[in-house]
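Everything on this sheet refers to the single structure shown next.
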Amino acid sequence: MTELNRNKIFSNAKQWILEAGKIIREKINDPLIVDTKSNANDLVTTMDKETEKFFVNKIKSEYPDHLLLSEEGFGDDVKSLDGTVWIVDPIDGTMNFVHQKRNFAISIGIYHDGVGEVGFIYNVMDDVLYSAIKGEGAYKNGAKIPNLEEHIEFNNAIIGLNHFWLCENRLVDEKVMQQLVRTVRGTRTYGSAALEFAYVAEGIIDGYLTMRLSPWDIAAGIIIVNEVGGVTTNVSGENVNMVETNSILVCHPSIQETIIKDYIVKGKK
Ligand code: IPD
Ligand code: CA
Ligand code: CA
Ligand code: CA
């Protein structure tokens, strides 16, 4: 991807994400149709679908040869990251959107031949836009986000994690995960994977641990976190496959090994 193309893609995507966010804010109190997908708590609304269609229309008219991998099924059937692929979550944190009308984001990661080039995470109700171009740093509303601190101690860390880790689960002994919760300084659950990535980049949490995420939940976040020196793998420390679901550990590099070796591997079922 040439620098010229990349800059143009960045400015188009930025304009579209801000526009989509504005529409959501304007309609935030309109009646919603809420449906369920895989289970009673897996929600989707008319707003998720309309927002996704908004991006499909914009991307396809400006870039007919680009592909779109997105959650609600209006994009393409993407099997590999060859060429330029836009990975879009129109609303990340649909449960928060429905129940709280805040704490949700639009996430867009743009990959070229498998390389993450441009990422955006937009906290819609707070009007806060996280962005990154590969190799050019990460930004929050246009201000550069500093690199992560050189070193942090695990017992001073704040970790984002879902409470399902503490219930009986298929991956890790919950007793071991309870020990993790007792060892770190604090834990948080925000309900939007994209925002949790953005918070790791900002350094307001030090890691985020989750059992199963889709490409659209993480595509932008990986690019943004990478720019400040954060690391993303699955919970076994392996590279993430961007066209499949993965478990995810995104964190400050100095606590990655501890989380994997002393907790995930130790408690592995
Ligand atoms: C969900 C959110 C949530 C995470 C789920 C995701 P959605 O995305 O990111 O925080 O725990 O695994 O599916 O469905 O609201 O776009
Ligand atoms: Ca969903
Ligand atoms: Ca999502
Ligand atoms: Ca979504």
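Read-outs: derived from the displayed coordinates by stated rules, not from any lab. Small disclaimer: the values here were computed from a predicted structure and weren't measured. Virtual Cβ from ideal backbone geometry, glycine too; neighbours counted across all protein chains shown.
Some notes on this structure:
- Alpha-carbon centroids, segment 187-219 and segment 68-91: separation in whole Å: 20 Å
- Size of charge dipole - the chain - debye, nearest 20, with Cβ of Lys, Arg +1 and Asp, Glu -1, no other charges: 460 debye
- Relative exposure of I264, I159, judged by other C-beta atoms within 10 Å (fewest first): I264, I159
- The angle between the Cα long axis of helix 46-62 and the main principal axis of the chain comes to about 60°, on a 0 to 90 degree scale.
- For segment 154-267, a simple Cβ point-charge model (Lys and Arg +1, Asp and Glu -1, everything else neutral) yields a dipole of about 320 debye relative to the Cα centre.
- Ordering T233, T183, L195 by the projection of their Cα atoms onto the charge dipole of segment 167-269, which places +1 on the Cβ of Lys and Arg and -1 on the Cβ of Asp and Glu, puts T183 at the extreme positive end.
- Computed from the C-alpha gyration tensor, the three semi-axes of the ellipsoid equivalent to segment 154-267 are 20, 16, 13 Å, from longest to shortest.
- Taking I248, I23, I110 as the candidate residues, the one with maximal mean-square fluctuation in a Gaussian network model of the chain, Cα springs under 10 Å, is I23.
- Close amide H partners of G160, meaning residues 5 or more places away or on another chain with modelled amide H under 5 Å apart, are R188, D206, G207, Y208, L209.
- Sparse packing (at most 14 other Cβ atoms within 10 Å of the Cβ) combined with a DSSP loop state is found for the following trypsin sites (Lys or Arg not before Pro) in segment 29-97: K37, K79.
- Nearest-ten-degree value, helix 174-183 long axis tilted from longest Cα axis of the chain: 90 degrees
- Highest mean packing first, where packing is the average number of other Cβ atoms within 10 Å per residue, the peptides 9-22, 137-150, 84-97 line up as 84-97, 9-22, 137-150.
- Computed 3J(HN,Hα) for segment 124-138, one whole-Hz value per residue from the Karplus formula 6.51 cos²θ - 1.76 cosθ + 1.60 where θ = phi - 60°, is 5, 6, 8, 6, 10, 10, 8, 8, 7, 10, 3, x, 10, x, 10, glycine and proline marked x.
- Distance between modelled label sites at S61 and N141, nm, 7 Å Cα→Cβ extension: 3.0 nm
- Within segment 3-144: Cβ-based charge dipole about Cα centre, in debye rounded to nearest 20 (Lys, Arg +1; Asp, Glu -1): 460 debye
- Karplus (6.51, -1.76, 1.60) ³J(HN,Hα), θ = phi - 60°, over segment 211-224, in Hz, Gly and Pro reported as x: 7, 7, 10, 9, x, 5, 6, 10, 4, 6, x, 4, 5, 5
- By the Stokes-Einstein formula, at 1.567 mPa s and 4 °C, the chain with its Kirkwood radius over alpha-carbon pairs has D equal to 69 µm²/s.
- Tilt relative to the chain, helix 193-202 - C-alpha long axis, 0 to 90 degrees, to 10: 70 degrees
- Sequence of T183, T233 once ranked by neighbouring C-beta atoms within 10 Å, starting from the fewest: T183, T233
- Whole-Hz couplings from phi, Karplus 6.51/-1.76/1.60, listed for segment 15-28; x for Gly and Pro: 4, 5, 5, 5, 5, 4, x, 5, 4, 4, 4, 5, 9, 4
- At most 13 other Cβ within 10 Å, DSSP loop - GluC sites (Glu not before Pro), segment 219-269: E238, E244
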